[in-house]
Amino acid sequence: MTATTTDEGFVVFDHVQKSYDGETLVVKDLNLSIAKGEFLTMLGPSGSGKTTCLMMLAGFETATNGRILLDGTNINELPPHKRGIGMVFQNYALFPHMTVAENLSFPLEVRGMGKSEREAKVMRALDMVQMGKFAHRRPAQMSGGQQQRVALARALVFDPALVLMDEPLGALDKQLREHMQFEIKHLHDSLGLTVVYVTHDQGEALTMSDRVAVFNDGRIQQLAPPDELYERPKNSFVAQFIGENNKLPGIVEELDGEKCLVRLATGEIIDATPVNIRHKGQETLVSIRPERVEFKPEMMPPGAHMIDAEVLEVIYMGDIFRTRMKVAGSTDFVMKSRNTIGQTKLHPGQHVKIGWHPADARALDPM
Amino acid sequence: MTDATTDLATGPITTNDGRPLKEALAASLAVRRRRAFLLVAPLFLFILISFIIPIGQMLGKSIYNDGFSSHAPALAAWFDAHPAGSAIDESAYVALRDDLVAMKKDKTAGEAGTRINYDISGTRSLFTAAARGAEKMQPPYMDAFLKLDKKWGDPNVWRAMRSASSPFTMDFYLAANDLKRNEDGKIVSVGEGQAVYKKLMLRTLVLSLEITAICLLIGFPIAHLLATLPMRKAMLLMIFVLLPFWTSLLVRTTAWMVLLQQQGVLNDLMVWLGIIGDDGRVQMIYNQMGTIIAMTHILLPFTILPLYSVMKTIPPSYVRAARSLGATSWTAFRRVYVPQTLPGVGAGGLLVFILAMGYYITPALVGGADGQMISNLIAFHMQKSLNWSLAAALAAQLLAVVLIFFWIYDRLVGIDKMKLG
Ligand SMILES: Nc1ncnc2c1ncn2[C@@H]1O[C@H](COP(=O)(O)OP(=O)(O)OP(=O)(O)O)[C@@H](O)[C@H]1O
Ligand SMILES: [Mg+2]
């Protein structure tokens, strides 16, 4: 469940706990080690403690228990302004009474940098986000996307090694968000930054990160690279939170190392890969990605169990067909098939047999 | 952009049925404008009747007073025929007698005398007495008048009558600035002992600025606390802030008396703490200090509320951003937080300053002799001396000072940046 903690990481959370009211723990035993140059995303539902973790790292909240290390030194007692961490806020927090250039110049001024050096750095940072022309605008005179770029430039202008971003793209529309994702990623690569990024957009987390920490209920549920997270979720929460997912409840019939057989509610038997199954006879939730479900026998691996399905609805989505079916008593089982030449068309009411590679059906805890 | 293209294609833009667009727009807006006007008309009328007209009349009184001129037509004619500096000869006394006889008949001698009395005190009885005997007076009138009262030969009295024979006068503004005209009509300052108004105006200004500064100094942290505290606690604190509004004036005054007087609670406390000796008790009421303390108390909410409403809208992320960018908490406060509260500081400060400039009851109750403000004198002239014209002149000057400060504020901060709530 929790990552092993080493003191070697650039940023280390070591058994960190946080409570605001002394009654409930908002962050429960957080252990996390972030390598230098890594892009780590904290992903999780609202209220799962992501912002709290970020605030503790930035120094605006104190950890109730445990240590936070930055570059090997304990920063629990270090005030925020001495941490040298760049931060991008969700509402940008650009100072409204200063122009863009003054905003960017602020962190350099408080560091006592000379005027000419300051101006050069400010222009370089603005050019980096293609905002050089806006140096003398006020934040209120710019669009959300432009403000976002300025906020980014301001967090980077004093060359911090670590940058924190709390849902920086939350207020932007989809297209702009995707564009900015690309730019942030690009800056991360070219500047060699360490980034801790908070979002509750899973697409964003998957496309940008080196590793994703999925938060729920004050704990990291899984910490893994995006592909592993998507393809091999460790528990039902992660499986459901990331991507679309079919869930079939059942009982473990046979357990044999890498494979197991699960008897579903209606009596059918399916193949699955046990993930956090401990013993035979245990209740389980089998999770299968819709795009890994097949209905053509020739696509099935040899020996795989097939199961009856009734087509309820076929939705044409351009590149794919989304087929909703009744499987083992549940009516929201979804299959996605690519819209290729010669793809077999299914019709509501049709009965088919479906199946999948046992590796794609993961038998998880029943939540 | 679309405008430009349409312009190029068709010239002035018209609606579908060929009317010019501007005209059509104006017609369609006219109804809405009429309705809006009708909605505000009652308020407008109310303000006009209850505020603008009385103030206009009041201000008019400061330069127009016909108390003497309307009852002394003969003298007015004589002054017209004889320019200032002419010798006061028998013809003048003839005119004086004619007017006095008329005054006696119309019972207006007192009114006319009052007007001259504003300029030279003690002259009201001169007129009432002379009016009584005017009918039986025998020429030569000059001697008759002088026999009645030597003052009738006083050039000052004649100068005052000349000046009052025209209803329009700047005399009250002169008086409001401790100036007067001498016998030759030159403007000179009144004697050392009589100069009160300029000093009082200055004191009012200084006290108001002091009170504004203290209010801002005290109000700023309280407003900040209010804006950052959890709702429940903030509401409780808010009640304390608003308490002075909810207590009656008498209760408040009594409380101040109990607290501030020499044998009062505050003095007892300081003596008990050893800050001052028993013989060094401080008089904190019935002097300027009393005015400052009491007015700060009553005006504090007017700074706190605008400040609070501005601070409430400043998200904590600004200061956090500043801190994360490397600013110490003091720098973040000074360079990021304070500038954003300026609209509130401006609004609160201006409000308190304007209110303080015109404050009247509190200084009257707890100010003692040297804690009085200009409004107290205006009230005195309105109610006691009944010299409304002087009161009006003083009030007009007060208004002018306030407007000047308003203008300065507008130039420095911009009135559009003000945020009252
Ligand atoms: N200042 C605070 N005082 C008390 N409780 C707080 C405070 N800030 C956050 N919490 C509580 O801590 C929990 C975690 O909050 P946090 O802001 O870290 O969530 P989050 O994961 O960032 O959520 P979101 O995605 O909505 O931003 C929530 O239950 C919240 O109510
Ligand atoms: Mg958050």
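The values are calculated or read from the model by the stated rules, or taken from the named source; none is laboratory data. The shown structure was predicted, so the numbers you read here are calculated from the model rather than taken from an experiment. Neighbour counts run over all protein chains shown; Cβ positions are idealised from the backbone, glycine included. All accessible areas refer to the heavy atoms of the entire protein, side chains included, with ligands and DNA or RNA removed. Shrake-Rupley method; radii C 1.70, N 1.55, O 1.52, S 1.80 Å.
What the table below lists for this structure:
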quantity	calculated
Total residues in the range A:36-94, condition more than 10 Å from chain B (Cβ to nearest Cβ) and not in a helix (DSSP H, G or I)	32
Qualifying residue in the range B:331-341 (condition: in contact with a helix residue (DSSP H, G or I) (Cβ under 8 Å, 6 or more places away or on another chain), small (Gly, Ala, Ser) and either away from chain A (no Cβ under 14 Å) or more than 27 Å from B:PHE406 (Cβ to Cβ) (or both))	yes
Residue satisfying all of: in the range B:131-175; of a type in the set (A, V, I, L, M, F, W, C) and touching a Gly at 6+ places or on another chain (Cβ under 9 Å); surrounded by the fewest Cβ atoms within 10 Å (Cβ to Cβ) among these	B:LEU146
Candidates A:GLN240, A:GLN221 - the one that is out of contact with any Pro (no Cβ under 6 Å at 6 or more places or on another chain), at pLDDT below 90 and among the polar types (S, T, N, Q)	A:GLN240
The one condition in (1) over 11 Å from the mean Cα position of the chain (by Cα); (2) away from chain A (no Cβ under 14 Å); (3) buried (at least 19 other Cβ atoms within 10 Å of the Cβ) that B:PHE380 fails to fulfil	(3)
Residue check, B:THR313 free of Cβ contacts under 8 Å to residues at least 40 places away in the same chain, within 14 Å of chain A (Cβ to nearest Cβ), surrounded by fewer than 18 Cβ atoms within 10 Å (Cβ to Cβ) and in contact with a helix residue (DSSP H, G or I) (Cβ under 6 Å, 6 or more places away or on another chain)	no
In the range A:219-230, the residues that are open to solvent by 60 Å² or more (accessible area, probe 1.4 Å) and in contact (Cβ under 8 Å) with a residue 60 or more places away in the chain	A:ARG219
Residue within the range B:387-402 that is away from every other protein chain (no Cβ under 14 Å) and open to solvent by 60 Å² or more (accessible area, probe 1.4 Å) present	yes
Residue count for the range B:33-86, restricted to those that are touching a residue at least 12 places away in the same chain (Cβ under 8 Å), assigned to a helix (DSSP H, G or I) and of a type in the set (Phe, Trp, Tyr)	2
Options A:PHE60, A:PHE89: the member that is within 19 Å of A:LEU152 (Cβ to Cβ), modelled with pLDDT under 95, within 16 Å of ligand 1 (Cβ to nearest atom) and among the aromatic types (Phe, Trp, Tyr)	A:PHE89
Candidates B:ASP119, B:ASP98, filtered to the one that is touching a Ser or Thr at 6+ places or on another chain (Cβ under 8 Å) and at negative phi	B:ASP119
Test: residue in the range A:16-25 that is among the β-branched types (Val, Ile, Thr) and either within 20 Å of A:PRO160 (Cα to Cα) or within 14 Å of another protein chain (Cβ to nearest Cβ) (or both)	no
Residue in the range B:288-304 that is within 24 Å of B:LEU207 (Cβ to Cβ), of a type in the set (Phe, Trp, Tyr) and in a helix (DSSP H, G or I) present	yes
Failed item, numbered, when A:THR5 is tested on (1) at pLDDT below 95; (2) more than 14 Å from ligand 1 (Cβ to nearest atom); (3) farther than 27 Å from A:ALA224 by Cα	(3)
Hits in the range A:192-218 - residues which are away from ligand 1 (no atom under 12 Å from the Cβ), touching a residue at least 12 places away in the same chain (Cβ under 8 Å) and open to solvent by 10 Å² or more (accessible area, probe 1.4 Å)	A:GLY192, A:LEU193, A:GLN202, A:LEU206, A:THR207, A:SER209, A:ASP210, A:ARG211
Candidates A:PHE106, A:PHE39, filtered to the one that is modelled with pLDDT of 95 or more, more than 16 Å from ligand 2 (Cβ to nearest atom), farther than 26 Å from B:PHE333 by Cα and open to solvent by less than 10 Å² (accessible area, probe 1.4 Å)	A:PHE39
Selection count, the range A:96-138, where residues are within 14 Å of chain B (Cβ to nearest Cβ) and farther than 19 Å from A:GLU183 by Cβ	17
Residues (open to solvent by less than 40 Å² (accessible area, probe 1.4 Å) and part of a helix (DSSP H, G or I)) located in the range B:272-287	B:GLY280
Some residue of the range A:46-66 being assigned by TED's automatic domain parsing to the domain that holds A:VAL198, surrounded by fewer than 16 Cβ atoms within 10 Å (Cβ to Cβ) and within 16 Å of ligand 2 (Cβ to nearest atom)	yes
